[in-house]
1. Of all residues in region 85-105, count the ones that are assigned to a helix (DSSP H, G or I) and either open to solvent by less than 40 Å² (accessible area, probe 1.4 Å) or closer than 18 Å to L123 by Cα (or both).
2. From the list L447, L472, L415, L459, which one is within 24 Å of S374 (Cβ to Cβ) and surrounded by fewer than 23 Cβ atoms within 10 Å (Cβ to Cβ)?
3. Please work out which one of (1) within 21 Å of C235 (Cα to Cα); (2) assigned to a strand (DSSP E or B); (3) not hydrophobic (A, V, I, L, M, F, W, C) is the condition G517 fails and give its number.
4. Looking at region 449-460, is at least one residue among the aliphatic types (A, V, I, L, M), touching a strand residue (DSSP E or B) at 6+ places or on another chain (Cβ under 7 Å), modelled with pLDDT of 95 or more and in a loop (DSSP other than H, G, I, E, B)?
5. Can you tell me which condition R483 does not meet? The list is (1) crowded, with 16+ Cβ neighbours inside 10 Å; (2) touching an Asp or Glu at 6+ places or on another chain (Cβ under 7 Å); (3) assigned to a strand (DSSP E or B), and all the others hold.
6. Which residue pairs have Cβ atoms closer than 7 Å, lie 6 or more positions apart in sequence or on different chains, and pair a first residue in region 215-239 that is farther than 30 Å from G556 by Cα with a second residue that is part of a loop (DSSP other than H, G, I, E, B)?
7. Could you please find all residues in region 310-328 being open to solvent by 40 Å² or more (accessible area, probe 1.4 Å), under 13 Å from W365 (Cβ atoms) and in contact with a strand residue (DSSP E or B) (Cβ under 9 Å, 6 or more places away or on another chain)?
8. Of everything in region 283-309, what is open to solvent by 40 Å² or more (accessible area, probe 1.4 Å) and of a type in the set (A, V, I, L, M, F, W, C)? Give them in sequence order.
Amino acid sequence: MGGVEDEEPALKRIKVSSKGLAGLSNGSSSIEPIGGSLSDLMARPLPSEGDEEVIGSKGVIKKEEFVRIIAKALYSLGYKKSGAHLEEESGIPLNSSVTTLFMQQILDGNWDGSVAALKNIGLADDSTVKSASFLILEQKYLELLDGENLMDALKTLRTEIAPLCINTSRVRELSSCLVSPLHCCLAGSPKKDILRSRSKLLEELQKLLPPKIMIPEKRLEHLVEQALILQQEACNFHNSLDKEMSLYTDHQCGRTQIPSRTSQILEEHDDEVWFVQFSHNGKYLASSSNDRSAIIWEVDIDGGLSLKHRLSGHQKPVSSVSWSPGDQELLTCGLEEAVRRWDVSSGTCLQIYEKAGVGLVSCGWFPGGKYVLSGVNDKSICMWELDGKEVDCWKGKKTLKISDLEIMSDGKQILSICKDNAVLLLNIETKVERLIEEDQTITSFSLSNDSKFLLVNLLNQEIHLWNIEGDLKLVGKYTGHKRTRFIIRSCFGGLKQSFIASGSEDSQVYLWHRNSGELIESLPGHSGAVNCVSWNPANPHMLASASDDRTIRIWGLKELNLKYRNKHSNGIHYCNGGT
């Protein structure tokens, strides 16, 4: 595509530099002894920290913690005898005798005893003692109300809860319960609901107390899930929901999960193909070209693409396209010309958006699909209703003649290249402007589906990944592709958008693992610069690339038995990796 134009610097706004690139109980609601019988309450306390034994080849797992967490899991799974046997055989109790007594007092409704036990449980932080006491006394107060013991409830509120001097707003709410008890009582079968609420109280106390005293519920499950997820995220080739994960072996995927073989070559354009973009539902692909046309391709049930509509009417090359939120309409932008809105079903042009004396340079949809936005070559950004009525225009140095345009999913911020080395994030409600400022000229950018990350392509053959949620932060860099003269576009893609794809001037498509930054594939096949890539959001195994060689290549998995059709049939060439 065309070269990158230099622009004079805009006034500095909020600047972020790219320098310094920054990784309960046992689950039972019955009132019975927890983790052993009450006769065992005077069992020896938990071992001291000074003589902790470690296990495992790395020497990082403390044996006491490991055994206690396993025992906790056994009780949670209902294997109470096994849990008790583990405690007895290992000599490591799940809970200290004081903690066990405290938990049993909660389930028994022994509020005075449980509050007193808090002081002997080993809490160093007085604020934690107060917060835990508040939860216990709140439960006591509500149960007294539920039993219609209003005077005792009032006494508890005045002499026990209020003197803690915390959570005053909640104290006022509890006071109102005396006036209207029905709104605060524990409804239903008293005994059943009291038991349930006391177990719930234990869960809340677990979150408040140090985990060494009360191990969080489902802690073992959480650790195992965390390990599996970390293995999955560290796998450079994980790209399929069908890939089962097992506890028996470490997770590992092969390159077979990555689209790396040409499954089709689309040859209907008569000149360089500058832009491609899959629809949100993955059922269509739109392409635009220097031949002044755009094409809508339809993806069939077997993954093959066929021409649905050729969109003609632009007087200049079509630089970009944008799908409506519902994929029923498509915008096409002529190079410094006009934006056209098309009906995808019929291929009919529904509206032309243009301004006298100036040309439009980019296009996009406002979330909800009721408004259309476009960058203008006078450096402003305009918004129209669907019928063509202009409803707003942000003037000043808001965009360049060569710029992408994105709108955050919440509709509050517009993103555009406002000067050669900066991306503008304009909050259209507060008018606050933030800048992502790079040390190199920016050629293009791409927004992630969740609107939390931005890919920025630079003149120096680097792609930067910015976290734009909250404070702007550079979090990744990708290198290896070639870019010296033309605008080259990149995209997020694959399962959970775990990969980065980019075109390149050396006629190849480059793929990186998003988290590790590792280059995992370079795909040959095109005979000209690859200007743009798009990953099918509904199919992590389908990727499209647009090239100066006038073709669009569709990339799929190597394992598939691909079809072959006549090269001249509908402008589509199916192949097994060759040209």
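1. The total comes to 10.
2. So the residue among L447, L472, L415, L459 that is within 24 Å of S374 (Cβ to Cβ) and surrounded by fewer than 23 Cβ atoms within 10 Å (Cβ to Cβ) is L447.
3. (2)
4. There is no residue in region 449-460 that is among the aliphatic types (A, V, I, L, M), touching a strand residue (DSSP E or B) at 6+ places or on another chain (Cβ under 7 Å), modelled with pLDDT of 95 or more and in a loop (DSSP other than H, G, I, E, B).
5. All conditions are met except number (3).
6. E217/L24; E217/G27; V224/L247
7. Scanning region 310-328 gives P325, Q328.
8. Across region 283-309, the qualifying residues are I301, L307.
The values are calculated or read from the model by the stated rules, or taken from the named source; none is laboratory data. Everything quoted here is computed from the prediction, not taken from an experiment. Reconstructed Cβ throughout: ideal geometry from the backbone, glycine too, with neighbour counts over all protein chains shown. Each accessible area value is taken on the protein alone, full model and side chains, heavy atoms only, with ligands, DNA and RNA left out. Shrake-Rupley method; radii C 1.70, N 1.55, O 1.52, S 1.80 Å.
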